[in-house]
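The values are calculated or read from the model by the stated rules, or taken from the named source; none is laboratory data. Computed from a prediction, not measured in an experiment: that's the story for all the values here. Cβ atoms come from the backbone with ideal geometry, glycine included; neighbour counts cover every protein chain shown.
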Amino acid sequence: MEEKSVNTSHRLTLDNRKEAFVTGVKDVVSFDEKEILLQTADGRLQIRGSQLHVKGLNLEKGEAALAGHVDSLVYLSKDSVRKEEPLLKRMFR
């Protein structure tokens with residue numbers, strides 16, 4: 001059986017606030033044209049802007065290519081991630 005090599009290091013490259021390349025991506029949590037939320041090797045990364053879209057995604061390699069106008073990049077703490085979860089889910093842990 002062949003093992004999948006997932007990129008455990010994390011890198012973010014942003015060109016002119018229009019194109020981004022991210023490594024160390026474990027999952028795409030959610031996305032729309034105003035926000036992309038990625039689970040990376042270093043935690044959740046929130047990318048906000050306009051006309052955002054995922055140009056390419058390879059979870060086996062842990063890579064994502066993004067395009068659009070980027071306004072902000074934020075790494076979310078565990079506390080802020082918990083606040084995003086539905087209240088009922090937090091209540092019944």
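Descriptive notes on the structure:
- Any chance GLY62 is farther than 19 Å from THR8 by Cα, buried (at least 16 other Cβ atoms within 10 Å of the Cβ), more than 10 Å from the chain's Cα centre (by Cα) and not aliphatic (A, V, I, L, M): no
- The stretch 56-67 residues that are free of Cβ contacts under 8 Å to residues at least 24 places away in the same chain, paired with ones that are surrounded by 13 or more Cβ atoms within 10 Å (Cβ to Cβ) (beta carbon under 6 Å, 6 or more apart): GLY56/ALA65
- Qualifying residues in the stretch 71-89 (those that are out of contact with any Leu (no Cβ under 9 Å at 6 or more places or on another chain) and modelled with pLDDT of 95 or more) - the one surrounded by the most Cβ atoms within 10 Å (Cβ to Cβ): ASP71
- Within the option set GLY49, GLY68, being more than 13 Å from the chain's Cα centre (by Cα), within 15 Å of PHE21 (Cα to Cα) and at pLDDT 95 or above holds for one residue only, GLY68.
- Number of positions in the stretch 13-36 that are free of Cβ contacts under 8 Å to residues at least 24 places away in the same chain and either assigned to a strand (DSSP E or B) or surrounded by 15 or more Cβ atoms within 10 Å (Cβ to Cβ) (or both): 6
- Single match in THR23, THR8 (criterion: under 15 Å from the mean Cα position of the chain (by Cα) and at pLDDT 95 or above): THR23
- Filtered residue count, the stretch 37-58, keeping only those that are aliphatic (A, V, I, L, M) and either under 18 Å from THR8 (Cβ atoms) or outside any strand (DSSP E or B) (or both): 4
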